[in-house]
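Note sheet for the following structure.
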Amino acid sequence: LSSLWAPVAGDAQCWIGALTREACCLEGVATIGVQCFDAVFTYERCCLGSRAPLSPPEVQASDEADGAEAASTEAFMTIFFAGDRGTAELYCDAVRTLAFHLRRIEGTLPGGSSGHRPFLVLSDAQTLSPGTAVGLLLRERLGGAEIRLVQTEMDLGAEGSLAGKVSALQVVHPPIRAWLKVRMFDEELLGNFSRVFYFDADTLPLGGAVAELISLPPDIAFACTAMPAFSYLLLGAPALNTAVVVARPNASIYRLMLQRLREGWALDDDFLKGTANFDQSWLDLFWRHLSTRNAIRAPMVDLGDLSRVEVEQFGPLSGVDVLPPHAVLPMAYNFFVDPLHVGALLSQLERERVSGSLMPLAVPTLQGLGQGGEVPGPRILHWPGFYAKPWWRCSETVRSDADDLWWSAYNAMCERHGGCFLACTPGRDG
C-alpha cells in the first residue's frame, strides 16, 4: 500500500491511486475517467506545487503531554444533530457517555496516562445555532466534558436538486445530516490528524476494542465495520455499516467523493433504493467500485500485520483500483445487541441447527465473533434503530445485559461530570 502514497512533485495531496502526476500533468489531459483538476486542486497547485497544503481551519491537534505522540495526531469522533431540545438532551448524554468511556479505555493503553486523543463532535450550523435553546444547550454541556465541537456543513454543492434527491434516498433513521460523517476524509477540516476513529453515539466499545483498532496498519486509508452476516451483501461482498469507521483524512479521496456525488454517480443504483440509507450505502458503493475490499474474517488482538489475518479479497467492481485497498472489520467490532437483530440472529442459527444444514450463517457469524481465536467475543456493542437505544429502558427489569453495560458507563460519567438529563423514576416499567 505504501507505494500508492509515495511523495511526488507538486502538491502530494493531489495524487492517489489512478490520479497520478504522470496521468494528469505530463499527458496534459486526464485519461483515467475522472477529472484531474478543479477550483481547489488546480493545475498550478498539483503540477507546479504553487500552493501550500491545506490546513484545518477549526481543529488543532492535541497539545497534551509529549508522552503519547500517536494520541496527539489521532482523534475520536462522532456526529451530532438535533431538531428539538428533548432529542438534544438525550444525545448530549449519549455523546458524553461515549467520550467518557473512550477516555477511560484509553487510560489503560500504553502511554494512555500521558496523552489523550481529542474527542471531536461534528455538527451543523442549524444544530449549533447560538440563538436557539438546542444550540445553547450543546455548547454548554458538550464543551464541558473534554469534547471539542466542530461546526461544519454537508457539501452537496450549490445545486438544490442534488440535495433534494439525496434526501429522498435517506428514508430510514438517521436523517440525511448523517452525511456529515464523510467529512472525516476532509483534509482541509481535519488535516492535523493522521487518523480519525469514528463511533456512532449508540455504540459502546469494550475491553481491547480501541487498542485493536489503533493497531490497524497505518497505510489503511479506510476501515469500516460490516453489516451482520444475516442481513445483506453488496454484490457478493460484505456490506458496510458505518457505525464504526477508521479513516485517514485525505484531500484526494474527499475530492473524488464530492466529484462523483455532484455528477450524480450511483444515485439511481438499486442498492441505494433497497437500503434507503444513503449516507451509509453510497459510501459503500463508492469504495466497492473503486477499491479492493479486504474483509477480515475474525477479530484479532493485533491487526497490525494483515498477512497474519484471514482475509477475503473482493476486487473493485470498476476493474481498476482508483483508491487504495480498504478493510472491512468483522462482526465483533459492530455487534448488534438490539432485540430485533439478536432475535433474528438466534432464530436463523436455530433453523440451521434443526435442519442439519451446512450452517452457512453460523460459521461466519461465530468466526466473526472470534470463536477459537485469541480473545473471543464482541468488541463493540451497537444499538441500531431509534427505539432500540438503551436509554429508553429505565427500569432495570427490562434491560438486557448489554443495556446494563451502557447504563453502567452512563452512571459513571454522570457521577464524574454531573449535568445529566436522563433520570429514571423509581417503579417505572421501562
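The values are calculated or read from the model by the stated rules, or taken from the named source; none is laboratory data. All values reported here derive from a predicted model rather than from experimental measurement. Please note: Cβ atoms are built from the backbone with ideal geometry, for glycine as well, and neighbour counts cover all protein chains shown. Accessible surface is based on the protein model in full, side chains and every heavy atom, while ligands, DNA and RNA are left aside. Shrake-Rupley method; radii C 1.70, N 1.55, O 1.52, S 1.80 Å.
As a calculated quantity, the FRET efficiency between Asp321 and Gln371 at R0 = 41 Å, using C-beta atoms, amounts to about 0.80.
Annotation: lysines with alpha-carbon distance below 20 angstrom to Lys273 (same-chain offsets under eight excluded): Lys165. Of the whole protein surface, Met227 contributes about 30 Å² of accessible area at a 1.4 Å probe radius.
The trypsin sites (Lys or Arg not before Pro) found in segment 274-353 include none that occupy coil by DSSP while having at most 13 further C-beta atoms within 10 Å. For GluC sites (Glu not before Pro), the sites in segment 290-375 that DSSP calls loop and that have at most 13 other Cβ atoms within 10 Å are Glu310, Glu374. Between Thr108 and Gln151, the modelled label-to-label distance comes to 3.8 nm, taking each label 7 Å out from Cα in the direction of the beta carbon.
Annotation: lysines with alpha-carbon distance below 21 angstrom to Lys389 (same-chain offsets under eight excluded): Lys181. Label-to-label distance, Thr292 versus Asp305, with points set 7 angstrom from Cα along the beta-carbon direction: 1.9 nm. Between the listed residues Pro316, Trp392, Leu340, the Cα displaced farthest toward the positive end of the dipole of segment 301-392, a dipole computed from Cβ unit charges relative to the Cα centre, is found at Trp392. Counted by Cβ distance under 11 Å from Met184, the other residues give a net charge of +2, where Lys and Arg count +1 and Asp and Glu count -1.
The simple spin-label model puts a point 7 Å past each Cα toward its Cβ; for Lys273 and Glu396 those points are separated by 5.1 nm.
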